[in-house]
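The values are calculated or read from the model by the stated rules, or taken from the named source; none is laboratory data. All values reported here derive from a predicted model rather than from experimental measurement. A quick note on method: Cβ atoms are made from the backbone with ideal geometry, for glycine too, and the neighbour counts reach across all protein chains shown. Each accessible area value is taken on the protein alone, full model and side chains, heavy atoms only, with ligands, DNA and RNA left out. Shrake-Rupley method; radii C 1.70, N 1.55, O 1.52, S 1.80 Å.
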Amino acid sequence: MGAHNSLEIQNSFISNFLSQTIYNNQELPSYSEIYSSDGLRIAHSSNLVESQNNPLLHSERIVIDQAIKIKQTRYLDNCLLLTTLEPCTLCMGSILKSRIAKVIYFLPNDNGDGISYLPIEWIYQLNHFPVLELVENKEIFSQWKTFFMDKR
C-alpha cells in the first residue's frame, strides 16, 4: 500500500466515520475499518458494547472477526486497520494474534491503556508487532469531544 493510497484510505475512513449519523448515543463514537493490501475495504464496524451489553464488542475486535471470516484465513498479515481511538489492551491482543500489518489511529489513548504504551522489552519478545501510526484529526477529535460534553 503506497503513501498515496494510504492517504486516500484515510480520507475515506474519516468520511465513513463522519457519515455515521444513526448510532446509539450511549455508544462511544469508536469506528474501525480493515483494508486489504490492494486498498479494498474488507470490514467496518462501530462499537457495540452498550447496545449489545457486552464489554468485548469494541469496533476493532468486531472488524477483525469480520475480516477473518470474509477472508477465510487465520491471519490478516497484509491488512491495514484504521480506528478512531488508539486500540486498548483488549483490542491489542486481537491485533497481535491476527498479525495485522499496520494500525492507523486518529486519537491517542491518554489514559495509559493504549497499544503504544507497551514496554519496548515486551514488544521485542513478540514474533509480530504492527506498524503504529497516529494521524491526529480535528474532525474526529470534535466528534469525541461532543460525545463526552453531551454526557455531562
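If the condition is being over 13 Å from the mean Cα position of the chain (by Cα) and farther than 19 Å from Tyr75 by Cα, then the range 35-48 contributes only Leu48.
Go through the residues of the range 23-38 one by one and say whether even a single one is open to solvent by less than 30 Å² (accessible area, probe 1.4 Å) and hydrophobic (A, V, I, L, M, F, W, C).
Start the filter on the range 23-38 by keeping residues that are open to solvent by less than 30 Å² (accessible area, probe 1.4 Å), which leaves 27, 29-36.
Subsequent filtering for residues that are hydrophobic (A, V, I, L, M, F, W, C) retains 34.
Checking the range 23-38: at least one residue is open to solvent by less than 30 Å² (accessible area, probe 1.4 Å) and hydrophobic (A, V, I, L, M, F, W, C).
Filter the range 80-109 down to the residues that are more than 18 Å from Val135 (Cβ to Cβ) and of a type in the set (Lys, Arg), then identify the one that is least open to solvent (accessible area, probe 1.4 Å). Among residues in the range 80-109 that are more than 18 Å from Val135 (Cβ to Cβ) and of a type in the set (Lys, Arg), the one least open to solvent (accessible area, probe 1.4 Å) is Arg99.
What residue, among those in the range 59-79 that are within 16 Å of Ile104 (Cα to Cα) and outside any helix (DSSP H, G or I), is most open to solvent (accessible area, probe 1.4 Å)? I'd like the intermediate steps shown before the answer.
Step one: list which residues in the range 59-79 are within 16 Å of Ile104 (Cα to Cα), which gives 59-61, 63-64, 76-79.
Going one step further and asking which of them are outside any helix (DSSP H, G or I), we end up with 76-79.
Working: Leu76: 1, Asp77: 80, Asn78: 106, Cys79: 4 Å².
Result: Asn78.
Among the numbered conditions (1) more than 21 Å from Gln20 (Cα to Cα); (2) more than 15 Å from the chain's Cα centre (by Cα), the only one that Ser51 does not meet is (1). Would you confirm whether any residue within the range 143-152 is among the aliphatic types (A, V, I, L, M) and open to solvent by 70 Å² or more (accessible area, probe 1.4 Å)? Yes, the conditions are met somewhere in the range 143-152. When Asn47 is tested against the conditions (1) polar (S, T, N, Q); (2) touching a Cys at 6+ places or on another chain (Cβ under 9 Å); (3) surrounded by 19 or more Cβ atoms within 10 Å (Cβ to Cβ), the lone failure is (2).
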